[in-house]
Each structure stands twice: as C-alpha cells, then as structure tokens.
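Have a look at the structure below before the remarks.
The values are calculated or read from the model by the stated rules, or taken from the named source; none is laboratory data. Quick caveat, the model's predicted, so the values are computed rather than measured. No Cβ is skipped: glycine too gets one built from the backbone with ideal geometry, and neighbour counts run over all protein chains shown. The area values use the complete protein model at the heavy-atom level, side chains included, leaving out ligands, DNA and RNA. Shrake-Rupley method; radii C 1.70, N 1.55, O 1.52, S 1.80 Å.
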Amino acid sequence: MSTDTVRAGAADESAGLRREQRGWYVYDWACSVYSTSVLTVFLGPYLTSVAEHAADADGYVHPLGVPVRAGSFFAYSVSLSVIIAVVVMPLVGSAADRTGRKKPLLAAAAYTGAAATTGMFFLDGDRYLLGGALLVVANAAQSVGMMLYNSYLPQIAPPEQRDAVSSRGWAFGYAAGSLVLVANLVLYSAHDSFGLSETAAVRVCLASAGLWWGAFTLVPLRRLRDRHARVDRATAPGLRQLAATVRDMRRHPLTLAFLLAYLVYNDGIQTVITQASVYGSEELGLGQSTLIGAVLLVQVLAVAGALAMGRLARTYGAQRTILGSLAAWTLTLAAGWFLPARAPVWFFVLAAGIGLVLGGSQALSRSLFSHLVPPGKEAEYFSAYEMSDRGMSWLGPLLFGVTYQLTGSYRSAIISLVAFFVVGFVLLARVPVRRAIAEAGNPVPEKI
C-alpha cells in the first residue's frame, strides 16, 4: 500500500470522526433542553404546586396510600426515576456493547423521554400522580440515553482530543438551553398576549422541550456510526448485570475509585440542578420570571465556563481543574444558606457562581472517565458512570426531601449538600489518574 493511500485513508478517517463529533454535539443540544427547561426551571415548582393543590388539610398527598409532604413529592419522584434507571442502564449498556448497535437503543431511549416530556402538557389541576409518572419515565429515559451518548466519546475522539470534544458537547447543550429559555421567558412573561393562562404557558414550555428533544435527535442518529461488537457476553437482568459490571470493575480498582468520587460530588451537583428552582420559589419567595432569568444566566455562563475549563485542563490537567471547581462549588453552595428572601440580585450572583463551574466540572469528569474505560466496554462502563452523572444522584434529592420533611426548611435542605462536595474532593484527590489510565489499558495523555 502506497504512502499516499495511507494518508488518504487517514484523512478520510479523520473527516469521518469530525462528522461524527458534530452529530454527537447535537444530541446534547437536543436533550439538554429537558434538563434546563423541565427539570431545572418549570417542573419542580409547577409539580409542587399541583401536589399542594391535591394535598389534604395537613399539606400531605397520599400516593399509593403513603403520606408525603406536597413539598417533597418532586424530590421523591426524581429519586424513584433514578432507582428505575439503575436497573435499566446496565442491561442496556451490556446489550449495546454485546451487539454493537447503540443507535437503535439511543433512539428508543430518546423518543421515550421526548414523548413523556411532551405529555406533560396534560399536567394540570390536581394530577400530581400523572406528573410524577411522566417525570419518572422521562428522567429514566434521559439517563439511559445519556449513558449511550457518553459511551460514544472514546470511539469518536482520540485521547488527546477528549477534553476539548467533551467540553464542546456540554457547551452545545448549554447554548440550546439558553436559546429555549429565552423563548420560554418571552412566552411565560407575555402569556396574556398569547391568549394563555400562566399555567397553560408553563405546560406549553414543558411540552415544547419534548418536541425539541425528539426533533434534534434525528441529527445524531444520522451521523453516528455503530461499531462492530468487541465483547461477547450474555446479557443478564438489570441488577445482575450491574453486579457483573461492578465485579469487572474490581479488576480496575482505580477506575472504581474515580467513579466513587464522582458519584459523591456529582450527587451534589445534580441535586442543586434539580432543586434550585424549588429553593428559590418556596424559600426565597422569588417569581417564575426571576427563576427563568437566573437559570438563563447559568446557561450562558456555563458555555463560557465549560470552554474555559477545557483550556485550563490543557495546562493544569483535568484532575486538578476538577478539584478547583469542587472548591468553588463548596463556597458557592455555602453562600446560598445566607441568601435573603425576595432579593433577586443576590440569587443572580449565586447563579453566576454556579454557571462558571457547572459545565466544566461535568465535561471534564466525563472526558477523564473515558480514559479509565477498558477498550470494548464503553457502554457497559458508561452505564455505571451515568448512574453517577444523572442516575445515581438519588441520595441527594432524597436527603433534600427528607430534610425538608423533618424540618420544614429548604435552607436546612440546601446546606446539607455541602458534604457531597467536600467528601468528593477528598476522594478524587486520592486517585492516581495516570496509573489508573495505564492499568485500564489506554495511552496516557501528556496532561491529565
């Protein structure tokens, strides 16, 4: 084979990877609107208000006969969705690695979540059970879809490009969240001009996120390629497959140590994302327009933060940059305890602090983990990662909900989350990532 032929083949392969990377970015563009508009902004306060409308004189609803404070119903629903995802993700991840057919599984997860989100248009009156059910389905489906999406990263980006590619993916997601939130803010603020009630405007915003998710998912489904399966293993039921994955990870204890650290600190991140709007509306007495504006600020700054932290990682390494972000998270969240009620300016300051570290800490964690995955087990290992990313964060919402149920104070609930960042920092600092990458059988980048 001539040198020119080899060069042409390498150029074609490089062009193909760039095309896949661009399609890969678009899935973050598609599904991040669910995270932003639905989970972070609208659904928490709205589902809480629906539950309060259905509550008894003591402020409790009774799903399946269990007394639950209306203010805790949203947090408990998030936790339930995660428990279901924990069962489903290892099964799907193993099937993806065994068959090599990730795209059909990604399509099924994406359109299940998009359909459930679109169905939130019918959430009104006292239909809190409908809202809880749709949340559980949509959130579990998003976790499965993101697991499959993340598992493409080691296949579409060589080691030296992964921090940058991962950061761009997060930046695309936050850019989409910002764009749709602007439209949401216009619709919600001027709902009378559109002939809509306030609740109808919220329902339209919820449903539009599902339509957006479904429409833009078509792009990655066209551009991403399925690879030949490199693992030949029978698929076990969900919990058994999870146990099998964890047993396999015991052969890579440093990978497992990183995952444990990530599980802890990301639990705190995900809980802040899902509960911040409830804290702002219920504890600080802020209006929906203020909450939308604050989350929009987070989205805009998260784009810049993700790209800036990607550059910092090239100089200082991903691990050190993540540790710095965790210190910033701790200080920012602790400051949230002191926020005065009905003071939007200080809430915007807090939102700015969160935005600057949010995207980068998540993007770099994803790219760092991709170096720790043994070749051929990407989807299976990323199923475990996704439990930590948007999956295993059931403890934070549960703690948040239980703390509020016991104390009746959202301030007590929010300050309890500081522990996740402190413990996660300590655990991550103890992981020798260069040795972990080598023991996983992957090349070690110059800066990590």
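Condition (residue is more than 19 Å from Leu256 (Cβ to Cβ), modelled with pLDDT of 80 or more and in a helix (DSSP H, G or I)) applied to region 420-430: is it met by at least one residue?
Yes, region 420-430 contains at least one residue that is more than 19 Å from Leu256 (Cβ to Cβ), modelled with pLDDT of 80 or more and in a helix (DSSP H, G or I).
Residue-wise test of (1) modelled with pLDDT of 95 or more; (2) assigned to a helix (DSSP H, G or I); (3) of a type in the set (Phe, Trp, Tyr).
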residue: Leu135; (1), (2), (3): yes, yes, no
residue: Asn139; (1), (2), (3): no, yes, no
residue: Met147; (1), (2), (3): no, yes, no
residue: Asn150; (1), (2), (3): no, yes, no
residue: Gly173; (1), (2), (3): no, yes, no
residue: Ala183; (1), (2), (3): no, yes, no
residue: Val204; (1), (2), (3): yes, yes, no
residue: Trp213; (1), (2), (3): yes, yes, yes
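Within region 277-286, does at least one residue satisfy the condition of being among the β-branched types (Val, Ile, Thr), in a helix (DSSP H, G or I) and open to solvent by 30 Å² or more (accessible area, probe 1.4 Å)?
Checked region 277-286: no residue is among the β-branched types (Val, Ile, Thr), in a helix (DSSP H, G or I) and open to solvent by 30 Å² or more (accessible area, probe 1.4 Å).
When both residues are 6+ apart or on different chains and their Cβ atoms are under 8 Å apart, which pairs have a first residue that lies in region 206-221 and is closer than 10 Å to Met120 by Cα and touching a residue at least 24 places away in the same chain (Cβ under 8 Å), and a second that is open to solvent by less than 10 Å² (accessible area, probe 1.4 Å) and outside any helix (DSSP H, G or I)?
Sorted first by the residue in region 206-221, then by its partner, the pairs are Leu206/Leu123.
Name the pairs: first residue in region 156-175 and in contact (Cβ under 8 Å) with a residue 60 or more places away in the chain, second residue open to solvent by less than 10 Å² (accessible area, probe 1.4 Å) and not in a helix (DSSP H, G or I), Cβ to Cβ under 6 Å, at least 6 apart or on different chains?
The qualifying pairs are Val165/Ala157.
Starting from region 417-438, keep only residues that are farther than 19 Å from Leu399 by Cβ, then list their pairs with residues that are among the acidic types (Asp, Glu) whose Cβ atoms are within a distance under 9 Å, requiring at least 6 positions of separation or different chains.
Between residues of region 417-438 that are farther than 19 Å from Leu399 by Cβ and residues that are among the acidic types (Asp, Glu), there is no close pair.
Looking only at residues that are out of contact with any Lys or Arg (no Cβ under 8 Å at 6 or more places or on another chain) and more than 14 Å from Arg162 (Cβ to Cβ) in region 363-387, which one is most open to solvent (accessible area, probe 1.4 Å)?
Ranking the candidates gives Lys377 first.
State all residues of region 431-448 that are β-branched (Val, Ile, Thr) and part of a helix (DSSP H, G or I); if no residue qualifies, say none.
Val433, Ile437
Against the definition (touching a Gly at 6+ places or on another chain (Cβ under 9 Å) and either more than 24 Å from Val180 (Cα to Cα) or modelled with pLDDT under 90 (or both)), how does Gly324 come out, yes or no?
no
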